[in-house]
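The values are calculated or read from the model by the stated rules, or taken from the named source; none is laboratory data. Predicted, not measured: the structure shown is a model, and the values here were computed from it. As a convention, Cβ positions derive from the backbone with ideal geometry for all residues, glycine included, and neighbour counts pool all protein chains shown.
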Amino acid sequence: MVDLFGTFGIRGVANEDITPDLAVRLGKALATHLDNEGKVGIGYDPRTSNKMLENALASGINSGGCDVLRFGMVPTPVLSFGTKHLPCDAGVMITASHNPPKYNGLKFWDSKGAGFVREKEDDIERIVEVGGKSVSWDRIGNSRKVEILSDYREMLNEKVSQFEKELKVVVDCANGAGGVISPHILTDLGCNVVSMNAQPDGRFPARLPEPTEDRIGELRKTVTSIDADLGIAHDGDADRTIIVDENGEVLSGDRVFALAARNYLKKKNNPKIITTVATSSILDEVVEELGGEVARTKVGEPELIREYRKNGGDLAGEENGGVIFPDWLLCRDGMMTAVQIIDLAAKTEKNVSELDETLPKYHQLKKNVKCPDHLKQAVLEDLSKKFEDENPDTTEGLRLAYEDGWFILRPSGTEPKFRCFAEAKTEERVEELSKKGMEALRESLDFVKKEKE
Ligand code: MG
C-alpha cells in the first residue's frame, strides 16, 4: 500500500513530493471516503505553493462529487474551527507547520474538527492506490469562498473574557498564517499589541517558522527594548505558542502548557489533563495543585484526541507549546494558548518571569543516538529485557520513573534515531539518569548490530 501519511499528515518538498497531481488524487480520494457527497473546507498557510495545491485539491474534491468551501489563508486552528462550525464533512489544511519554506503538506480533519485518526488515513491511502471515484457530469461539486476568520474571532471573544488590565504584548507571527488574526484577537481582548513579521510571506524571510530559542532573537530584543510585558512567538500555522518574559527569557513549551493549565482549569473540579509519556512532571505538580489527575498517552496529537474521546479530559497537550482546549476545539490552538497566558498575567501583580518562578523547577536532558529504522524494534526488545526488573511504563518505548526523576527511551517516529529524555529536580540527578539511559541504549544498539551482522 502507498505510505503517504507521517505523524502530522502528508509532508514533503512542494512541487517535487507534494505535487498538484498528488493533490488532485488526494482530493478525489477524500470525496470517495465521504461517499461522494457533502462539503469539505480548505485552508492554507502562506507557503508559495498554497494556491497551486488548493486549486488542485479542490478540483479533485469536486470531481469526486463534494463541494468545497475555501477559507483562504487561515491558521490551522481556524480551519479546524470552520470545519466543525459550518459544519463541513471534512477539512484539509495545506501547511507544513514549522518546517522550512520549501516544504508543504496536507492534513485532514474530521467533521468534529479533529485530525484524521490513523484508520481514516489508511482508508485515504487505500483509495489513492486504486483511484477515487469520478462522479457523473451532473453531480460534479462546486466551490466557493467563505469568510471564516470573523466567526472564529467572534466566538473566541465570546468564550473568554476581556483581560483585566492592558498589557503590552509583542506578537511574532513568523510571516506565517497567524498574522491574519492573532494580533487582532489580542487587541480585541484589551492588549496593547506590537506585531512583528505579521505580513504573511511563504519565503519566511524574517525567521524560520519553528519558534526555537535561537530563532526568536529579534522578538526577545524587541520585548526588552520597548519594555513590553511579554512576547508571543507562533509557528508557521499558529497552532503553537512560545512565550518570552519581560526580560526576554524564553519559557519552554511545557512551562507554557503548565501556565495555560493553571489558568484554564482553575474553575474545574478534579480537572483531567491529557499529555504524553514524554512530557515534563511539571504538569503532574500543577494538576495536583488543582486537585485533578494526569493521563499519559503515546506521543502525538492523534493519541491525545484518542484518549479524550475514550475517557474524556479537560485539557491536552505536549511539550512543544501546542495545547488543545477540548471544549473549544479538538485542535492545538496557539492563539487560545496565548490568550490564557495573558489572561493569567493580567489578573496578578506578578510579571511573567515571576509567574514562571511559581512553577516547579526541573532539569532536563534530551539526547539521542543514530539507529537505523529496521533495528529499532530489536533495540527496544533488548532494552526491555535489561530493565525488566524495574517495572517500566511501556506506553511508548520504556519510561523508568524514580522518586526524584525519570527517563524515557523511545525510537523516533520520524527520524532514524533512538531518543533518551531525562528529567530530575537536580542537575546531578538528571545527568545520572541520562547517563544510565544512554549507556543502556548504546549497549543494546551494539548488541543488536552484532546479532544482525
Ligand atoms: Mg504548527
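The table below lists the values:
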| quantity | calculated |
| --- | --- |
| Some residue of the range 46-57 being modelled with pLDDT under 95 and either surrounded by 24 or more Cβ atoms within 10 Å (Cβ to Cβ) or within 21 Å of Asp333 (Cα to Cα) (or both) | no |
| Matching residues in the range 194-215 - criterion: being aliphatic (A, V, I, L, M) and in contact with a Lys or Arg (Cβ under 6 Å, 6 or more places away or on another chain) | Leu208 |
| Selection from the range 197-221 of residues that are in a loop (DSSP other than H, G, I, E, B), acidic (Asp, Glu) and either away from the ligand (no atom under 13 Å from the Cβ) or touching a Leu at 6+ places or on another chain (Cβ under 6 Å) (or both) | Asp201 |
| Those residues of the range 302-347 which are hydroxyl-bearing (Ser, Thr, Tyr) and modelled with pLDDT under 95, in sequence order | none |
| Residue count, the range 388-432 (criterion: in a helix (DSSP H, G or I) and either charged (D, E, K, R) or without any contact (Cβ under 8 Å) to a residue 60 or more places away in the chain (or both)) | 8 |
| Members of the range 123-168 that are under 20 Å from Ile42 (Cβ atoms), of a type in the set (D, E, K, R) and either in a loop (DSSP other than H, G, I, E, B) or touching a Lys or Arg at 6+ places or on another chain (Cβ under 6 Å) (or both) | Lys133, Lys145, Glu147 |
| Any hit, the range 355-368, residues being touching a residue at least 24 places away in the same chain (Cβ under 8 Å) and more than 26 Å from Ile324 (Cα to Cα) | yes |
| Strands (runs of 3 or more DSSP E) lying entirely in the range 9-111 (those with 2 or more residues that are within 26 Å of Trp137 (Cα to Cα) and either acidic (Asp, Glu) or within 16 Å of the ligand (Cβ to nearest atom) (or both)) | 90-94 |
| Residue satisfying all of: in the range 282-323; part of a strand (DSSP E or B) and under 22 Å from Phe407 (Cβ atoms); nearest to the ligand (Cβ to nearest atom) among these | Gly317 |
| From Glu431, Glu439, Glu357, Glu381, residue being over 28 Å from Gly9 (Cβ atoms), surrounded by 14 or more Cβ atoms within 10 Å (Cβ to Cβ) and at pLDDT 95 or above | Glu431 |
| Criterion (away from the ligand (no atom under 16 Å from the Cβ), at negative phi and outside any loop (DSSP other than H, G, I, E, B)) met by exactly one of Thr279, Thr224 | Thr224 |
